[in-house]
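Student: Would you mind keeping the following structure in view while I ask a few things?
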Amino acid sequence: ESGFSGTVLVYKKGHLYKKAFGYRDLNRSSLMQVDDVFQLASVSKTVTAAAVMLLVQDGKLKLDDDVSKYLKDFPYPGVTIRQLLSHRSGLANYIYYTDTFWRDTSKYMDNKAFYDFMVRHKPVPYLNPDVSFSYCNTNYAFLALIIERLTDMDFRDFVRTRIMLPAGMKYSHICNLDSMGLQNYVVQGYDNKRVFADNPYNGATGDKGVYSSVIEMWAFDQALRTNFIIHDPIASEMITPQTTTAPSA
């Protein structure tokens with residue numbers, strides 16, 4: 001056996017292949033199912049980006065607006081929405097600071113707590129805005145907060161109402177760990193044969209937190225390939241490269 005446990009979906013030229021392999025747990029007590037829901041980790045950012053582009057489509061924000069236009073106390077001047085989306089803000093990754101500043105590990109850091117943390121402690125940016133691509137979770141946690149401020153909705157509710165339900169993602173959701181802890185999910189992540197440890201920063205969403213299956217992520221992909229949710233020219237903007245790479249010599 002290969003030891004692979006997971007689900008696979010391939011769609012090509014009108015033909016769909018989907019299959020589950022292996023087990024949900026290391027004890028091999030439960031077989032993996034093709035519609036099992038997984039924590040998508042940073043793949044969650046694709047959903048957040050689509051949510052932001054919906055607000056552009058709705059006329060609620062512009063990509064080249066400064067973040068400070070929407071977050072009054074935002075401590076980093078000159079950073080734009082586009083730079084958050086394309087990881088060109090230069091901001092520091094808040095996750096690397098939580099062990100130092102987030103003392104009460106019995107509580108999760110939600111989006112509001114994340115923002116209060118950033119405003120209070122102001123981690124020094126790695127780079128000036130728009131200097132270079134620098135992948136960073138902080139960008140997308142800020143984007144989720146902006147969505148909440150502009151829509152007066154919880155980020156989870158906005159994504160479910162405007163993206164997941166229209167796309168047919170019935171069982172997909174953004175986790176709310178206060179109502180359902182990670183240990184209660186059927187499929188767990190493992191690190192060196194141990195269940196991957198929970199962390200207080202898992203409560204912040206936008207950069208992570210989406211749970212979905214291969215079937216429903218395929219539905220999301222199909223919805224984005226049409227004008228069903230996001231229309232042109234906004235849809236075309238989503239696939240326009242924001243960082244150029246020089247050709248190798």
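The values are calculated or read from the model by the stated rules, or taken from the named source; none is laboratory data. Please read these numbers as outputs of a predicted model, since none were measured by experiment. Ideal geometry is used to build each Cβ from the backbone, glycine not excepted, and the neighbour counts take in all protein chains shown. All accessible areas refer to the heavy atoms of the entire protein, side chains included, with ligands and DNA or RNA removed. Shrake-Rupley method; radii C 1.70, N 1.55, O 1.52, S 1.80 Å.
Student: Just give me the residues in the range 56-75 being of a type in the set (K, R) and in a loop (DSSP other than H, G, I, E, B), in sequence order.
Tutor: Residues of the range 56-75 of a type in the set (K, R): 60, 62, 69, 72.
Listed by number, the residues that qualify are K60, K62, K72.
So that you can scan it fast, the table gives a plain yes or no per residue for (1) open to solvent by 10 Å² or more (accessible area, probe 1.4 Å); (2) farther than 15 Å from D207 by Cα; (3) of a type in the set (A, V, I, L, M, F, W, C); (4) outside any loop (DSSP other than H, G, I, E, B):
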position: S29; (1), (2), (3), (4): yes, yes, no, no
position: D35; (1), (2), (3), (4): yes, yes, no, no
position: L54; (1), (2), (3), (4): no, yes, yes, yes
position: Y96; (1), (2), (3), (4): yes, no, no, yes
position: T100; (1), (2), (3), (4): yes, yes, no, yes
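Student: What residue, of R149, R120, R162, R156, is closer than 18 Å to S42 by Cα and of a type in the set (K, R)? Spell out how you get there, then give the answer.
Tutor: Working: R149 fails: closer than 18 Å to S42 by Cα; R120 fails: closer than 18 Å to S42 by Cα; R162 fails: closer than 18 Å to S42 by Cα.
Result of the check over R149, R120, R162, R156: R156.
Student: Here is a follow-up. I need every pair where a residue in the range 209-225 that is of a type in the set (A, V, I, L, M) has its Cβ under 7 Å from the Cβ of a residue that is open to solvent by less than 10 Å² (accessible area, probe 1.4 Å) and assigned to a helix (DSSP H, G or I), sequence separation at least 6 or different chains.
Tutor: Correct list of pairs: V210/S44; V210/V47; L224/A50.
Student: Right, something else. In the range 102-140, which residue that is open to solvent by less than 60 Å² (accessible area, probe 1.4 Å) and of a type in the set (S, T, Y) is nearest to the chain's Cα centre (by Cα)?
Tutor: So, considering only residues that are open to solvent by less than 60 Å² (accessible area, probe 1.4 Å) and of a type in the set (S, T, Y), the one nearest to the chain's Cα centre (by Cα) is Y140.
Student: Restricting the search to the range 204-233, which residues are crowded, with 16+ Cβ neighbours inside 10 Å and either part of a helix (DSSP H, G or I) or on the phi > 0 side of the Ramachandran plot (or both)?
Tutor: To start, the set of residues in the range 204-233 that are crowded, with 16+ Cβ neighbours inside 10 Å comprises 204-220, 223-224, 229-230.
Scanning the range 204-233 gives G206, G209, V214, I215, E216, M217, W218, A219, F220, A223, L224.
Student: So which residues in the range 141-153 are open to solvent by 60 Å² or more (accessible area, probe 1.4 Å) and of a type outside the set (D, E, K, R), if there are any at all? Spell out how you get there, then give the answer.
Tutor: Filtering the range 141-153 for residues open to solvent by 60 Å² or more (accessible area, probe 1.4 Å) gives 149, 152-153.
M153, the sole residue that qualifies.
Student: For the range 119-139, state whether one or more residues are in a loop (DSSP other than H, G, I, E, B) and at pLDDT below 90. Spell out the reasoning first.
Tutor: Step one: list which residues in the range 119-139 are in a loop (DSSP other than H, G, I, E, B), which gives 122-136.
Filter once more, keeping what is at pLDDT below 90: none.
No, there is no match, as no residue in the range 119-139 is in a loop (DSSP other than H, G, I, E, B) and at pLDDT below 90.
Student: Further question: Suppose we keep only residues that are without any contact (Cβ under 8 Å) to a residue 40 or more places away in the chain, surrounded by 12 or more Cβ atoms within 10 Å (Cβ to Cβ) and of a type outside the set (F, W, Y) within the range 1-27. Which one would you say is nearest to I147 (Cα to Cα)?
Tutor: Checked the range 1-27; the qualifying residue nearest to I147 (Cα to Cα) is G6.
Student: Does Y201 satisfy being of a type in the set (S, T, Y), modelled with pLDDT of 70 or more, surrounded by 14 or more Cβ atoms within 10 Å (Cβ to Cβ) and assigned to a helix (DSSP H, G or I)?
Tutor: On the way: of a type in the set (S, T, Y): yes; modelled with pLDDT of 70 or more: yes; surrounded by 14 or more Cβ atoms within 10 Å (Cβ to Cβ): yes; assigned to a helix (DSSP H, G or I): yes.
So Y201 fits the description; yes.
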